[in-house]
1. Can you tell me the order of 288-294, 239-245 when each peptide is scored by its average per-residue count of other Cβ atoms within 10 angstrom, highest first?
2. Please report, as a whole percent, how much of the solvent-accessible surface of the chain comes from carbon and sulfur atoms (probe radius 1.4 Å).
3. Leaving out ligands, DNA and RNA but keeping every protein chain, what accessible area does PHE329 have, in Å² rounded to the nearest 10, with a 1.4 Å probe?
4. Tell me which DSSP H helices of the chain clear both cut-offs, 18 Å or more of axial length from alpha-carbon atoms and a mean Kyte-Doolittle hydropathy of at least -1.0.
5. With a 1.4 Å probe and every protein chain left in place, work out the accessible area per residue of the range 1-123 in Å², rounded to a whole number.
6. Kindly identify the range 4-133 as rounded, prolate or oblate by the Cα gyration tensor criterion: order the square roots of the eigenvalues as a ≥ b ≥ c, call it rounded if a/c is under 1.5, otherwise compare a/b with b/c, prolate if a/b is larger, else oblate.
7. For the range 289-351, what does the accessible surface come to per residue with a 1.4 Å probe? Please give it in Å².
8. Ranked highest first by average number of other Cβ atoms within 10 Å, how do 206-213, 261-268, 63-70, 312-319 line up?
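The values are calculated or read from the model by the stated rules, or taken from the named source; none is laboratory data. What you see is a predicted model, and the numbers here were worked out from it, not measured in a lab. Heads up, the Cβs are rebuilt from the backbone with ideal geometry, glycines too, and the neighbour counts pull from every protein chain shown. Please note that ligands, DNA and RNA were not included when accessible areas were found on the heavy atoms of the full protein model with its side chains. Shrake-Rupley method; radii C 1.70, N 1.55, O 1.52, S 1.80 Å.
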Amino acid sequence: MPQTRAGHSVAIDLLKGVTTLFVILIHCKLVEGTFVHEHVIDHAVNLFLVLFGLTAELWWSRRDGGPVAAAWGDWYRARLLRLMPGIAASAGLWWAVALTLRPEARRGLGWLDFIASLVGYSPWRGITWFVTLILLWVLVFPIVRWVAARLGFVATIACAAYVSVLCIWDSLDIMAVAQHWIGRDADGGFYFGIFLPWSSWLVMCGWLLARTTRGKVPAGILGATVAAALWAAAVAAIPATRGPAEDVIGGALRVRILTTVADSPLALLLLYLMSLCEKWPRAIAPLVRLGGASWGVYLGQALLHDCVHMFGAWPETRGWPLRLAYGVFLLGGSLALTHAGAWLRTRWRTS
């Protein structure tokens, strides 16, 4: 099976590229309201979390048997050197725009907020919560992995499922307490909610997939068929799970639990479909490269999205031609920012 420079299947980077496009489609709302958007595209974050668990465990599995302290040091060094420059640059550019062109955007924000944004915490920027969540998983994954190795597969997945269900079901109460405790607005309460391990099921399913396949996407049709059946059953069960019309909040929470659980077989199904595309390397090469640059592209499109809104424009609410143009702008602009950042890092290392 072909592999990327990171040492894992091309299908993984291909799915990262496809999921990155999903993020762009979510923010430009090009196909919002369609079946594919509601049940596949809009689950991009959950797919990324499964892929995080998968690739993180593959990284660690290649270092099993070596010095433990060195592996932990390499993990934090490699991840933080890869993630933090982009976070700091994105935050710095946002502040530059806010300070020079839109002072009202920083109203109520101070030096502590500026420093926090440089290390990945910006609750006033609506779509950067995923950045905070990934940083949290980077920090705790070695510990979670150590615990999982002692619990075993079954107990680990059972605990992850229980924790995820509990956190999602009680999420509104937890965020309400957070808002009262930290004395901030709804964004602050929401951000407190993401610190909870609601995503444990997704990340640990990725971990399990890596442990059982060592990064080789199952070639047989059986695994894909089972995954497709589980996902389809979950989608079909959504109306019944939502329950009576008067139970809006409870229904929404039940549906979120169901779809979170179902996103793991969805990820497995998509990985299998991506593996089928490996026979056309030239056709998939752009998406594979996009997957390799997914972190920079996410940060870039988040910055552009925020800046567009900062100037009072909401192109994603207009007709489909403008939505399409906006999606192209987000993708093209984020790629340009990513390449500019890579060029600057190369110059800095060689200077």
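1. Numbers: 288-294: 20.3, 239-245: 11.6.
Ranked by mean Cβ neighbours within 10 Å, highest first: 288-294, 239-245.
2. Numbers: 12250 of 17580 Å².
Answer for the chain: carbon and sulfur cover 70 percent of the accessible area.
3. About 100 Å², rounded to the nearest 10.
4. Working: long enough: 10-28 (27 Å, 1.89); 44-61 (25 Å, 1.44); 68-100 (47 Å, 0.72); 129-151 (31 Å, 1.92); 153-169 (24 Å, 2.16); 200-213 (19 Å, 0.92); 221-242 (31 Å, 1.55); 248-276 (40 Å, 1.51); 294-310 (24 Å, 0.52); 320-350 (45 Å, 0.31).
Once both thresholds are applied, what remains is 10-28, 44-61, 68-100, 129-151, 153-169, 200-213, 221-242, 248-276, 294-310, 320-350.
5. Details: 5720 Å² over 123 residues.
Computed with neighbouring chains in place, this is 47 Å² per residue.
6. oblate
7. On the way: 3580 Å² over 63 residues.
Normalised by residue count, the accessible surface of the range 289-351 is 57 Å².
8. On the way: 206-213: 20.5, 261-268: 23.6, 63-70: 10.1, 312-319: 12.2.
So the order, starting with the most tightly packed, is 261-268, 206-213, 312-319, 63-70.
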